[in-house]
Every structure is written in C-alpha cells, then in structure tokens.
1. Tell me whether the range 195-218 contains one or more residues that are in contact with a strand residue (DSSP E or B) (Cβ under 7 Å, 6 or more places away or on another chain), within 21 Å of residue 155 (Cα to Cα) and not assigned by TED's automatic domain parsing to the domain that holds residue 256.
2. Would you call residue 241 modelled with pLDDT of 95 or more and within 30 Å of residue 166 (Cα to Cα)?
3. Restricting the search to the range 38-95, which residues are touching a strand residue (DSSP E or B) at 6+ places or on another chain (Cβ under 8 Å), at positive phi and modelled with pLDDT of 85 or more?
4. Is it fair to say residue 192 is crowded, with 17+ Cβ neighbours inside 10 Å and not assigned by TED's automatic domain parsing to the domain that holds residue 333?
5. With closer than 25 Å to residue 393 by Cβ and either assigned by TED's automatic domain parsing to the domain that holds residue 385 or in contact with a strand residue (DSSP E or B) (Cβ under 9 Å, 6 or more places away or on another chain) (or both) as the only criterion, which of 355, 366 stands out?
6. Please count how many residues of the range 46-98 are in a strand (DSSP E or B) and either in contact (Cβ under 8 Å) with a residue 60 or more places away in the chain or under 26 Å from the mean Cα position of the chain (by Cα) (or both).
7. If you take the residues in the range 131-161 that are closer than 21 Å to residue 195 by Cα and loosely packed, with under 10 Cβ neighbours inside 10 Å, which one is modelled with the highest pLDDT?
8. Taking into account only those residues within the range 361-387 that are crowded, with 16+ Cβ neighbours inside 10 Å and not in a loop (DSSP other than H, G, I, E, B), which is modelled with the highest pLDDT?
C-alpha cells in the first residue's frame, strides 16, 4: 500500500473530520472553505463523496484553496503524487505540500483512498481556521514497530505484456499482436530502463473478385542508462537493436552517449522543467531492399540536441519541446521537430486546450528504391517519402452557472 511523505505532523496522528449534515445549518456549510481540485487523474466523484467538509468550486478564481496534484512514476513502477495546497483570498500565504506514494501492485481503490487521505490531511489547516474547527476530532494511533526494509529485488522491476486485437467483417479482417518484456531499475542515483518488444499486424480486404492483404512486423530491444551527477546535471547512454518492415530495416544497431542539464532542480520536476539534452552516436543499418540512395547497408554517425520546457501552475499547464538532429556525413540529412501542449484557464469559466507537432524531415535514408504499392500506401504498411509532418488539436470550453460541485448522483451513469 502507498505511503505519505513530506508532512509536518507524525503519521501516527489520525484526524477525523465529521461530514457536514443538513441539520448543521446553512451558515455552517457556507463557512466551509471553497476548494478547487486541479487534477486530471483524480476520481472527483469519490473525492466529493469522501471529503464532505469543504465546498467544491468549478472555477479556480472562486477558490480559497487551490489544490494542484501532479504525479511521476517511481522506480518500483508505482507513482508519487504531489499535492500542492495554495491558499487564496482569506487563506493567502498558507501553503503546503504533501506527497503520497502508491505501490506497483496497488489497486485503483487503494490509490484513490490514499489520495483522499492525503487530501484530508492537507485541508485540515484551512478547515481549522473556520467555524468547522469544532467538528474536528484528533485521535492517536499507536506507532507500530519499525522494521528495516529489505528489497530482495534490489530495486529491479520486471514487466511482461501481451496484447491482441481482432476485427472482422464479411469483406475485411484484421489481427494485431504485440508483446514486450521490460526490466527497469530506478534509484535516486541511477536509472536503468530496457525493453524487448515485437508486433505483428495483418489486414485482409475483399474488393469484388480481388483480395488485398498486407502484413507488417516490428521487433527490437533498447536500453537506457542515466547517472545522476547533481540536482541539475545527468549523463547516460542509449542503445538499440531493431528491425521493421515498415521502415525497410532488416537490422539496425544504434548507440549514443548523452548529457542533460536542467535549469531547475530535478526535485521540482512535477512543477517545472527546462531541460537541455545532447546526444551523439552512430547507427548501423542493413536494409530489406535497396534504398533510394542505392544502399543496402551503411554505418553513419549523428547528433541531436533537444530543449524541453514544462510547467504546471494554478493557471494551467504548458509544455514545449524543440529537437534538431543530423547525420555527420551529410548535414542536409537532418530533422527538426517542434511539439507543444497548452491547457489554459483564460477567465472565469473559460478554458482553452491546444496540442500539436510539426516536423521538417530530410533524413529518410531507408526509403525503398522501388517505391510503395497502392496497397501499402492505403494500409500504411511502409514509410512514405515526405518533407514534413504535422498535427494540431484545439479545444475551447466555457462553463457558467452555479460555482459549487458538491453533489454526486450516479443514477443512469455519467
């Protein structure tokens, strides 16, 4: 089961906050803190059902307490959830940060109950400054015997996955198989990630008296090792071996040392990051078919530099990444990719969401010389020549009416 960290009170203290009842009067309900939960992964119906001693508002500008919840994966395969409590209006300047860590085998219910427990403890200091303080009782839970943690796996986490998808109609059939085996070890000083994978995709269509079928295969292995230098610098390496019918790769080997600098401390990564990552290495490829450059195999050296900025604040979240790469034998064989995501609360009730990516592509060295058949083009079974690639998604929403979101009614579903 997960655990709490980063709190100023002993874990053996249990705070019991009596839920508000109708008989307690409207005035007592009005005195409850107005809380805005800024969380994409939270079960809000469960929170509203379990934490009934506050008023939930749907707009951050109405809130007296803004709770920002972020997460990052732990080395064991669980998650660390950071709850940042930000006081507004009457509670301005009263801030706090609590953390809850879930285990890799925790069920969804165990995780959401741990998150609710963390939320209750964080909200206590605000509720204690209202007339609701009389509804709070504190009990002491006897401290259990402390035992040293022994990890027979030495922080190694292994995962096996297999997925299949079948689809069929009279005139078409499709099967997709995918499997992977991963081994990861993540500690504060060293990060090791590796994965072996394979996929198979086959489609068949009947058009009149003709039958069109297509098959693609993809398999490989990759690893990454990262050493922590200090709270701003890291060094490491990537390695891979792969084959892909889609990319016309019979066998490809790659290796690249890398170094990264983060302008902000890594300890603040759930709130903000500005990372500069540089890597240089080589790629040795053998192709299934002769390429447009009359090659059946080649070994080339390359380098890449990326800049990534991510921030999550009470006004919303934003991320942008710019990456450029090229081959040393011919600098015209290069690629530039820009991607970004923005979720912004503009004014009361109005929000906008944007995400997109654009790439300038000049490094498709594995394109087959013979070109692509109509079937391969329509079924996307082979890589096609292009000098650019892009996608864009936008969303705009406006909500108005009651500011409160206290009621949960599950009838007829959502």
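The values are calculated or read from the model by the stated rules, or taken from the named source; none is laboratory data. From a predicted model like this one, the values you see are computed outputs, not experimental measurements. Positions of Cβ are generated from backbone atoms using ideal geometry, with glycine treated the same way; all protein chains shown enter the neighbour counts.
1. Yes, because at least one residue in the range 195-218 is in contact with a strand residue (DSSP E or B) (Cβ under 7 Å, 6 or more places away or on another chain), within 21 Å of residue 155 (Cα to Cα) and not assigned by TED's automatic domain parsing to the domain that holds residue 256.
2. So residue 241 fits the description; yes.
3. Selection gives 93 alone.
4. The answer is yes for residue 192.
5. Answer to the check: 355.
6. Residues in the range 46-98 being in a strand (DSSP E or B) and either in contact (Cβ under 8 Å) with a residue 60 or more places away in the chain or under 26 Å from the mean Cα position of the chain (by Cα) (or both): 23 in total.
7. Among them, the one singled out is 160.
8. 368
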